[in-house]
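Q: The following block contains the structure, expressed as structure tokens.
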Amino acid sequence: MLLPADIHDFLAGQKYSNALQIAFEFEEEDYEYRTQIDLLCEMARDKKIVHLGCVDHTVDTIKHKIKRKKWLHSRLCQSAARCHGIDIEPEGIRFIQEELGFNDTSCIDIFSDQFTTIAEGESWDYLFIPEVLEHIDAPSDFLRGINTRYWRNFEKIVITVPNGISQDNWKLARKGLEVINSDHRFWFSPFTVAKTVSTAGMVVEKILMCRHGTINWRALRRNRFYKKNPLLRNDILCVAHFSDM
């Protein structure tokens with residue numbers, strides 16, 4: 001899914017509208033209904049990547065997702081030429097190193113000198129930041145700091161965030177409900193994630209809509225609906241490249 005050419009001035013803040021209508025340019029791949037994990041693993045294939053937020057909340061969450069083959073870091077490690085995971089959760093890093101054997105991991109902050117050493121010590125392709133921005137108080141400032149510090153060290157950044165305009169949310173809203181991770185600060189839309197990334201000084205290449213979780217391939221009617229209506233899927237994947245601000 002490509003952003004229309006006339007949207008870039010709005011992303012840069014050079015134009016303003018209080019009712020901006022965006023006609024996205026859909027490509028063939030946009031009508032493929034796929035999971036977030038499958039898309040990320042495909043992008044990671046044979047690449048050297050850093051995975052920020054590799055722990056995925058808690059040790060119990062890791063154990064639960066491993067049973068369902070949904071723990072992202074494990075899947076990325078199977079696909080990538082090298083996948084270095086970082087997180088600020090010491091218990092989780094200790095568990096995945098000592099109990100699971102994922103030793104190419106670090107318990108460090110991305111803005112630390114230790115990570116600078118890691119970033120400069122390898123010819124990295126991508127920085128993956130899946131399901132992180134919604135947990136951060138100031139996501140544009142966070143991404144701007146990454147762009148300023150590491151624009152020489154990574155070819156691209158790959159981000160995923162929850163889609164606030166998904167069909168799932170619409171159905172819940174009709175019942176007077178919101179279902180949300182209690183640590184989240186934000187919902188996103190394709191435009192707002194592009195705005196967040198652009199404000200940070202990065203350049204959006206494309207956006208893909210995908211399924212957060214598994215796809216029940218026996219649910220033929222539902223799957224046909226999401227194939228035809230990409231914007232209503234419940235996860236947004238954004239690919240951007242760094243820039244020298």
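The values are calculated or read from the model by the stated rules, or taken from the named source; none is laboratory data. Computed from a predicted model, the values in this text were never measured in an experiment. Glycine also receives a Cβ, built like all others from the backbone with ideal geometry; neighbour counts cover every protein chain displayed.
Q: Just give me the residues in segment 6-27 being in a helix (DSSP H, G or I) and within 17 Å of C238 (Cα to Cα), in sequence order.
A: I7, H8, L11
Q: Pick from segment 5-46 the residues that are of a type in the set (S, T, N, Q) and over 17 Å from the mean Cα position of the chain (by Cα): which of them is farthest from T192 (Cα to Cα)?
A: Checked segment 5-46; the qualifying residue farthest from T192 (Cα to Cα) is Q14.
Q: While we're looking at this one, here's another question. When the residues of segment 178-205 are narrowed to those that are out of contact with any helix residue (DSSP H, G or I) (no Cβ under 9 Å at 6 or more places or on another chain) and of a type outside the set (V, I, T), which ends up surrounded by the most Cβ atoms within 10 Å (Cβ to Cβ)?
A: My answer is E205.
Q: I need the full set of residues from segment 99-153 which are among the aliphatic types (A, V, I, L, M), part of a loop (DSSP other than H, G, I, E, B) and surrounded by 13 or more Cβ atoms within 10 Å (Cβ to Cβ), in order please. Steps first, please.
A: Restricting attention to segment 99-153, the residues satisfying the condition of being among the aliphatic types (A, V, I, L, M) are 100, 108, 110, 118-119, 127, 129, 132-133, 136, 138, 143, 146.
From the residues that got through so far, the ones that are part of a loop (DSSP other than H, G, I, E, B) too are 100, 108, 110, 132, 136, 138.
Hits for segment 99-153 are L100, I108, I110, V132, I136.
Q: In this structure, is I215 in contact with a Ser or Thr (Cβ under 7 Å, 6 or more places away or on another chain), aliphatic (A, V, I, L, M), in the same structural domain as I236 (by TED's automatic domain parsing) and surrounded by fewer than 16 Cβ atoms within 10 Å (Cβ to Cβ)?
A: yes
Q: Restricting to segment 181-231, count the residues that are under 22 Å from L143 (Cβ atoms) and of a type outside the set (S, T, N, Q). So that I can check it myself, show each step before the final result.
A: Pass one, segment 181-231, residues under 22 Å from L143 (Cβ atoms): 181, 183-210, 212.
From what's left, of a type outside the set (S, T, N, Q): 183-188, 190-191, 193-195, 197, 200-210, 212.
Residues in segment 181-231 being under 22 Å from L143 (Cβ atoms) and of a type outside the set (S, T, N, Q): 24 in total.
Q: State all residues of segment 82-98 that are part of a strand (DSSP E or B) and under 29 Å from W187 (Cβ atoms); if no residue qualifies, say none.
A: Scanning segment 82-98 gives C83, G85, I86, D87.
Q: When you check L2 against the structure, is it under 18 Å from the mean Cα position of the chain (by Cα) and more than 18 Å from T214 (Cα to Cα), yes or no?
A: yes
Q: Of all residues in segment 141-171, which are under 20 Å from L208 (Cα atoms) and in contact with a helix residue (DSSP H, G or I) (Cβ under 7 Å, 6 or more places away or on another chain)?
A: Across segment 141-171, the qualifying residues are L143, V158, I159, T160, V161, P162, I165, S166, Q167.
Q: Kindly evaluate V197 against the criterion of being assigned to a helix (DSSP H, G or I) and within 21 Å of W151 (Cβ to Cβ).
A: yes
Q: Now a separate question. Using the structure shown, decide if K156 is of a type outside the set (G, A, S) and loosely packed, with under 13 Cβ neighbours inside 10 Å.
A: no
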